[in-house]
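The structure under discussion appears below in the form of structure tokens.
The values are calculated or read from the model by the stated rules, or taken from the named source; none is laboratory data. Since this is a predicted model, take the numbers as computed values, not measurements. Cβ: placed from backbone, ideal geometry, glycine included. Neighbour counts: every protein chain shown.
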Amino acid sequence: RICKIYQDIIVILGGYILNPRLLKSARYVVNMHFGFVPYYRGVNGIQHALISNDFEHIGITIHYAVPKVDAGEVIKIIGAAYQKSPNEFFRILNDSATREYIEVVKDILKNGKIRSVPQDLSKVRNYLLKEWTYKKQHALAKKILDWDKSVIMAVHFLRS
């Protein structure tokens, strides 16, 4: 006996790779990816951008999900001002992306497919979990500590 499931929308919050059969079971499948696609597809996109000093491409992408990881059409990319402390930056980025994601899902439920754009395939970079080495984790920790120190020093400088 075959069980069929028909859904209007499947909502993915990063980190999960769905079976292509499941992707086909809903009219719309959207993902909130913690990376700026197409530059940072796959695992730890934001972290890789930080390590690369690529503050211009630190963001969270809302996109339609397709069988290939983080390759669907982009609905929206959310960024935040990185001149703030890392704690504030990530709080604002996550809160903004969550609010935007909820609005996107509500819009799709109300209106069906919404405006999206294909990714520029000439800029694609896929990151795999096996690439997330201790060396990269250490580099990320150092980068965040240095970022935090620079913000503290800037605030101290402005107050004096």
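Among the candidates N19, N31, the residue that is free of Cβ contacts under 8 Å to residues at least 12 places away in the same chain and of a type outside the set (D, E) is uniquely N19.
Would a scan of region 127-134 turn up a residue that is among the hydrophobic types (A, V, I, L, M, F, W, C) and crowded, with 16+ Cβ neighbours inside 10 Å?
Yes, region 127-134 contains a residue that is among the hydrophobic types (A, V, I, L, M, F, W, C) and crowded, with 16+ Cβ neighbours inside 10 Å.
Out of all the residues in region 76-132, which are over 26 Å from D148 (Cα atoms), without any contact (Cβ under 8 Å) to a residue 60 or more places away in the chain, among the β-branched types (V, I, T) and assigned to a helix (DSSP H, G or I)? Selection gives I102 alone. Looking only at residues of region 50-75 that are more than 25 Å from S150 (Cβ to Cβ) and free of Cβ contacts under 8 Å to residues at least 40 places away in the same chain, we find that the one that is surrounded by the most Cβ atoms within 10 Å (Cβ to Cβ) is T61. Exactly one of these conditions fails for D54: (1) more than 13 Å from the chain's Cα centre (by Cα); (2) more than 23 Å from M153 (Cβ to Cβ); (3) of a type in the set (D, E, K, R). Give me its number. Just one mismatch for D54, condition (2). Restricting the search to region 131-142, which residues are at pLDDT 95 or above and charged (D, E, K, R)? Answer for region 131-142, where residues must be at pLDDT 95 or above and charged (D, E, K, R): K135, K136, K142. Scanning region 58-101 for residues that are among the β-branched types (V, I, T) and within 14 Å of H33 (Cα to Cα) turns up I58, I60, T61, I62, V66, V69, V74, I75, I77, I78, T98.
Annotation: of all residues in region 95-118 being in contact with a strand residue (DSSP E or B) (Cβ under 8 Å, 6 or more places away or on another chain), among the hydrophobic types (A, V, I, L, M, F, W, C) and under 14 Å from I60 (Cα atoms), the one that is surrounded by the most Cβ atoms within 10 Å (Cβ to Cβ) is A97.
Consider region 85-117. How many of its residues are hydrophobic (A, V, I, L, M, F, W, C) and closer than 18 Å to I9 by Cβ? Here the count works out to 7.
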